[in-house]
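There's a structure below that I have some questions on.
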Amino acid sequence: MDASAGLKAVGVAALSAYVGYALPSVTALAAVRRFTPHLAGRGRADHVALTFDDGPHPVGTPAILDILHQFRVTGTFFVLGEQVAQHPDVARRIVADGHEIGLHGWHHHNSLTMTPMALRRSVRAGLAEIAAVTGMEPRFYRPPYGIASAASFIEAHRAGLVPVLWDAWGKDWRADATPQSVVDTVCRNACGGSTILLHDSDCASALDSWRTTAAALPTLLTELRSQGLTVGPLRDHGLR
Ligand SMILES: [Zn+2]
């Protein structure tokens, strides 16, 4: 069995043990995405999963929610525990509007800079805050920056979370992003089965970057629908 077949066989959960705490922690994401399509969010061929990271944001998230409501579309919001604590009403509106909540951690910290104990605290505190504020128990976990250490996989697995990254993004966090550049960048890579990464908050992005995201969304959703794709949350994406 070669390395790629091996990784496919063991899956994401066992990948933690496969990599081990002792290794220098980088899970070589390009390779992981290629070898473990479920980690890259590859789902049903007729469906595209729409995901937003870094919220809730007091202005950005409601702006995004308003547009999704107009289009009758739901998505998955990977929230930060500290943002949920600061903006609980916005977190509750995400759920009330029918969207899915995923865990992005407590702070927006790179997992490679965190000890296993700090990662454990981040995951558990994040889940506890989400449960206390929204009553939800997330199923999916996405580490900040999409950078996962072996320890972060292990902590996610212990908490019963499924790690999911993405295979298409809009680079909407950049200061030079425009609504058209976000649409073009997403559509360059997105296809049936894709998981799209966008941001409803600028807490780890260029100031007010969510405005670009919000301005791009109507065109993006129209384009995806014109391709015959259903846009929805990860829970409907057919991931194992
Ligand atoms: Zn993030």
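Looking at His38, His99, His47 in this structure, which one is at pLDDT below 95 and under 25 Å from Thr230 (Cα atoms)?
Working: His99 fails: at pLDDT below 95; His47 fails: at pLDDT below 95.
The unique qualifying residue is His38.
Could I ask something else about it? Within the range 70-83, take every residue that is over 13 Å from Pro138 (Cα atoms) and within 14 Å of the ligand (Cβ to nearest atom) and give me the one that is surrounded by the most Cβ atoms within 10 Å (Cβ to Cβ).
Only one residue tops the list, namely Gln83.
Taking the residues in the range 138-160 that are away from the ligand (no atom under 16 Å from the Cβ) and farther than 14 Å from Asn110 by Cα as candidates, determine which candidate is surrounded by the fewest Cβ atoms within 10 Å (Cβ to Cβ). I'd like the intermediate steps shown before the answer.
Start the filter on the range 138-160 by keeping residues that are away from the ligand (no atom under 16 Å from the Cβ), which leaves 139, 150-151, 153-155, 157-160.
Filter again for farther than 14 Å from Asn110 by Cα, leaving 139, 154-155, 157-160.
Working: Arg139: 17, Ile154: 21, Glu155: 27, His157: 18, Arg158: 13, Ala159: 16, Gly160: 11.
That would be Gly160.
Quick one: in the range 209-235, of everything that is over 25 Å from Arg139 (Cβ atoms) and touching an Asp or Glu at 6+ places or on another chain (Cβ under 6 Å), which residue is surrounded by the fewest Cβ atoms within 10 Å (Cβ to Cβ)? Explain how you work it out, then say what you get.
Residues of the range 209-235 that are over 25 Å from Arg139 (Cβ atoms), as a first pass: 209, 211-212, 214-216, 218-219, 222-223, 225-228.
Still in the running and touching an Asp or Glu at 6+ places or on another chain (Cβ under 6 Å): 209, 212.
Values: Ser209: 25, Thr212: 27.
Among those that are over 25 Å from Arg139 (Cβ atoms) and touching an Asp or Glu at 6+ places or on another chain (Cβ under 6 Å), it is Ser209.
Considering only residues that are within 16 Å of the ligand (Cβ to nearest atom) and open to solvent by 10 Å² or more (accessible area, probe 1.4 Å), which ones fall in the range 34-69?
Selection gives His57 alone.
Take Ser201 and tell me if it is over 18 Å from Pro37 (Cβ atoms), assigned to a loop (DSSP other than H, G, I, E, B), modelled with pLDDT of 95 or more and touching a Phe, Trp or Tyr at 6+ places or on another chain (Cβ under 9 Å).
Working: over 18 Å from Pro37 (Cβ atoms): yes; assigned to a loop (DSSP other than H, G, I, E, B): yes; modelled with pLDDT of 95 or more: yes; touching a Phe, Trp or Tyr at 6+ places or on another chain (Cβ under 9 Å): yes.
Yes, satisfied.
The values are calculated or read from the model by the stated rules, or taken from the named source; none is laboratory data. As the structure is a prediction and not an experimental result, all values here were calculated from the model. Please note: Cβ atoms are built from the backbone with ideal geometry, for glycine as well, and neighbour counts cover all protein chains shown. Just the protein is used for accessible areas: all its heavy atoms, side chains included, with ligands, DNA and RNA removed. Shrake-Rupley method; radii C 1.70, N 1.55, O 1.52, S 1.80 Å.
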